[in-house]
1. Which of the residues that make up the range 82-108 are of a type in the set (A, V, I, L, M), within 18 Å of the chain's Cα centre (by Cα) and over 18 Å from GLU124 (Cα atoms)?
2. Testing TRP138 on (1) part of a helix (DSSP H, G or I); (2) hydrophobic (A, V, I, L, M, F, W, C); (3) in contact with a helix residue (DSSP H, G or I) (Cβ under 8 Å, 6 or more places away or on another chain), one condition comes back false. Which one is that?
3. Mind counting the residues in the range 105-130 that are outside any loop (DSSP other than H, G, I, E, B) and surrounded by 13 or more Cβ atoms within 10 Å (Cβ to Cβ)?
Amino acid sequence: MAVTGRLITNFSKSIVFNLKKNSFKFSNDGLNSRHFSSTLNRYSAKKFSEKHEWVVVSGNVGTVGISNYAQEALGDVVYAQLPDVGSTINQHDECGALESVKAASEVYTPVSGKVIEKNTEVEESPGLVNQSCYDKGWLFKIELSNESELQNLMSEENYEEYLKKCDH
């Protein structure tokens with residue numbers, strides 16, 4: 001019984017999941033669990049562009065939407081035109097539009113890749129962008145073609161500082 005417990009303890013300390021490759025790695029040292037936590041945070045945290053779009057990456061798929069600042073500036077969104085599934089877009093390309101009762105705004109992609117899904121619920125009920133811009137109001141999902149572009153985007157904390165400096 002004691003041997004089994006020791007084996008399970010040692011086994012659980014030696015597993016590391018590699019998000020980039022969607023694979024498990026077995027290691028003899030327990031220090032890799034710290035690496036796992038920082039890797040998970042790097043890929044699951046929101047990253048923001050200067051044009052107020054955000055992306056959250058899981059594996060090699062990014063979910064894209066507009067920031068709370070952008071949806072507040074637009075006002076009540078009444079129309080959404082999102083990129084077509086299958087289209088290939090480059091970082092910073094205009095790929096859609098949102099219209100409100102007081103303004104219209106282009107949607108730009110914060111990363112390059114192939115659009116694999118669009119939020120048809122937002123096209124049918126554009127107000128979801130106002131109600132839940134970081135959850136139900138996401139715009140499209142994109143298969144990343146250049147993961148290094150994420151390094152050029154801002155963390156949530158840096159984005160908040162950016163908004164203060166730009167005096168938006």
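1. Taking the range 82-108 and keeping what is of a type in the set (A, V, I, L, M), we get 82, 85, 89, 97-98, 101, 103-104, 107.
Add one more test, that the residue is within 18 Å of the chain's Cα centre (by Cα), and what stays is 82, 85, 89, 107.
Correct list: ILE89 only.
2. It is condition (1) that TRP138 fails.
3. As a first pass, look at the range 105-130 and keep what is outside any loop (DSSP other than H, G, I, E, B): 105-108, 113-118, 120-124, 128-130.
Okay, now just the ones that are also surrounded by 13 or more Cβ atoms within 10 Å (Cβ to Cβ), so 105, 107-108, 113-118, 121-123, 128-130.
Residues flagged as outside any loop (DSSP other than H, G, I, E, B) and surrounded by 13 or more Cβ atoms within 10 Å (Cβ to Cβ) within the range 105-130 amount to 15.
Rule-based calculations on the coordinates, nothing more; no lab input. For clarity, every value in this text was computed on a predicted model and none was experimentally measured. Cβ: placed from backbone, ideal geometry, glycine included. Neighbour counts: every protein chain shown.
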